[in-house]
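None of the figures in this text is laboratory data; all of them are computed from the coordinates on show. None of the values given here were measured: they were computed from a predicted structure. Counting neighbours? That spans all protein chains shown, and the Cβs are built from the backbone with ideal geometry, glycine included.
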Amino acid sequence: LAHLFARIQSFPMTDSPIFRSTSPSDFWGNRWNHLVHEGLKQGVHKPVRRYTSSKWAGTVATFLVSGILHEYVWYVLFYVASFDNNNNNNNNN
């Protein structure tokens, strides 16, 4: 819709990952969640690799940041939602 009304160029978040992937590397690297992939690549991997001159360090840093982001999502989805639900139940008693 943004493309139609505001002439904003967009790209798909995924590229048929389940049906068109030829390998796990193709699935995770080329077809699954382009936005996060590019964000981690440009925001973590490349700067760490440039600073340390180590592909290994860039990969490890990217893996750690990805893990932290995943944990944050789980925290928000389950802990915060559970905490809010418990507070609402306590206020009703």
Original post:
Mean separation of Cα pairs under 8 Å and 6+ residues apart, divided by the residue count of segment 13-60: what relative contact order is that in percent?
Top reply: 28
Subject >> Around residue 42: net Lys/Arg minus Asp/Glu count, Cβ-Cβ under 15 Å >> reply: +3
**OP:** Compute the signed sum of charges (Lys and Arg +1, Asp and Glu -1) over the other residues within less than 11 Å, Cβ to Cβ, of residue 27.
**Re:** 0
